[in-house]
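Contents: one structure, followed by commentary.
The values are calculated or read from the model by the stated rules, or taken from the named source; none is laboratory data. Because the structure is a prediction, the values reported are computed rather than measured. With ideal geometry, Cβ positions are generated from the backbone for all residues, glycine too; neighbour counts draw on all protein chains shown.
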């Protein structure tokens, strides 16, 4: 799985949006297999037109807790968006996640101008859910 900075660089290199969509799909395919027993309502992200699951693991407590995620979706492009968000947030401390504005971080990718409104809303819902999980971890 490439780093978030590598994803941004790859997007900048790809001129055509068809190629960028293919790249998103490839990112989704590169995600590790998602555990079947984690496909439940507790891990399902609300506000996504597609089905999306985020499975957090938390190491430590408080703002320094490291929060990592597994994720999956039943839609190829959305699964790629999950991969982008995991590259941005997974493996960081709860405090770092709280300080990271997904909208600002994702701006160089220009996704908002090329995603359907439903996918844009789903992306925002995923980022919100990740930040909620981190906030809960930080509060412990």
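Details
- Identity of the residue in segment 41-59, in contact (Cβ under 8 Å) with a residue 12 or more places away in the chain and assigned to a loop (DSSP other than H, G, I, E, B), that ends up surrounded by the fewest Cβ atoms within 10 Å (Cβ to Cβ): 46
- Segment 108-130 - residue that is under 14 Å from the mean Cα position of the chain (by Cα) and free of Cβ contacts under 8 Å to residues at least 40 places away in the same chain and, of those, surrounded by the most Cβ atoms within 10 Å (Cβ to Cβ): 111
- Test: residue 127 is modelled with pLDDT of 95 or more, out of contact with any strand residue (DSSP E or B) (no Cβ under 9 Å at 6 or more places or on another chain) and part of a helix (DSSP H, G or I): yes
- Identity of the residue in segment 78-96, in a helix (DSSP H, G or I) and more than 12 Å from the chain's Cα centre (by Cα), that ends up surrounded by the most Cβ atoms within 10 Å (Cβ to Cβ): 94
- Qualifying positions in segment 60-76 - touching a residue at least 24 places away in the same chain (Cβ under 8 Å), under 28 Å from residue 99 (Cβ atoms) and surrounded by 14 or more Cβ atoms within 10 Å (Cβ to Cβ): 63, 65, 66, 67, 69, 70, 71, 72, 73
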